[in-house]
Amino acid sequence: MANEFEYYRIQRDNDNSIPILSQDSGCPDYLYMDDPIENPELMLFRFGKPIPRKPKMADYHSTPSSVISKKIFDILAPMKIEGIQLLPARIKGKDEDIFTDYWAIHVYSTIECIDRRLSDCVIDDISIGYVKKLVLEKQKLAELPLEKRLVFRLQEDFAYQLYHASIKEKIMSVNPIGIKFTNIEDWNEGSFFSN
């Protein structure tokens, strides 16, 4: 497979009319748990500030969790991707509108795979910063079968969710609104805020 080690960082598209989400009161905090959740509670979100004047619901919202619509859920659920769990979610809107048919993606699989020699960044005990360039250690990834590394978080910094090129292609095949993917080896801190 030509793109066996091609991974993408998932991000919110830079459309200011798409609201960023915050956890609503009573929302369980599963964000960085590294196991599947047994009997998960409903994930509760609300529009975060600043709230757009005319909010537009999208197929992808970020909290720091990834929150997806039924359109993306219908792509991911049948695939039964190892290391992720799709948790039912509810979003409270601007005028107390309630949006259902959303799911939070709980990524509990983590892999330590940054090539520290070829990357240009600072890695401490829990995070990656000052990113000019990230390079994945392909040899380490090759030790795992592809089905065990389709979607995962970087062990070096749990905030980095990586999606294999094949998953990115399937998600993008349904033309979702509000989502963009950036190849992790082309990504840097400046690219997070640009289109």
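Here are some notes:
- Within region 130-156, the set of residues being touching a strand residue (DSSP E or B) at 6+ places or on another chain (Cβ under 8 Å), closer than 28 Å to LYS70 by Cα and not β-branched (Val, Ile, Thr) comprises LEU146, ARG149, LEU150, PHE152, ARG153, LEU154.
- Of residues in region 155-179 being at pLDDT below 95 and assigned to a strand (DSSP E or B), the one surrounded by the most Cβ atoms within 10 Å (Cβ to Cβ): TYR160
- Only a single criterion out of (1) in contact with a Gly (Cβ under 7 Å, 6 or more places away or on another chain); (2) buried (at least 19 other Cβ atoms within 10 Å of the Cβ); (3) farther than 20 Å from HIS164 by Cβ is not satisfied by VAL131, namely (1).
- Among the residues of region 62-82, those that are modelled with pLDDT of 95 or more and in contact with a Lys or Arg (Cβ under 7 Å, 6 or more places away or on another chain) comprise ILE75, GLU82.
- Scanning region 97-142 for residues that are among the hydroxyl-bearing types (Ser, Thr, Tyr) and over 19 Å from the mean Cα position of the chain (by Cα) returns THR100, SER119, TYR130.
- Residue check, GLU96 over 19 Å from MET172 (Cα atoms), part of a loop (DSSP other than H, G, I, E, B) and either among the aliphatic types (A, V, I, L, M) or touching a Lys or Arg at 6+ places or on another chain (Cβ under 6 Å) (or both): no
- Among residues of region 52-64, those that are without any contact (Cβ under 8 Å) to a residue 60 or more places away in the chain and either under 16 Å from ILE171 (Cβ atoms) or of a type in the set (Val, Ile, Thr) (or both), counted: 2
- Residue within region 34-47 that is of a type in the set (Lys, Arg), assigned to a loop (DSSP other than H, G, I, E, B) and over 17 Å from the mean Cα position of the chain (by Cα) present: no
- TYR8 in contact (Cβ under 8 Å) with a residue 60 or more places away in the chain, touching a helix residue (DSSP H, G or I) at 6+ places or on another chain (Cβ under 6 Å) and either part of a loop (DSSP other than H, G, I, E, B) or closer than 30 Å to GLN139 by Cα (or both): yes
- Flag for ASP120 being loosely packed, with under 13 Cβ neighbours inside 10 Å and acidic (Asp, Glu): yes
The values are calculated or read from the model by the stated rules, or taken from the named source; none is laboratory data. Given the structure is predicted, the values throughout are model-derived calculations rather than measurements. So basically every Cβ, Gly included, is an ideal-geometry build from the backbone, and we count neighbours across all protein chains shown.
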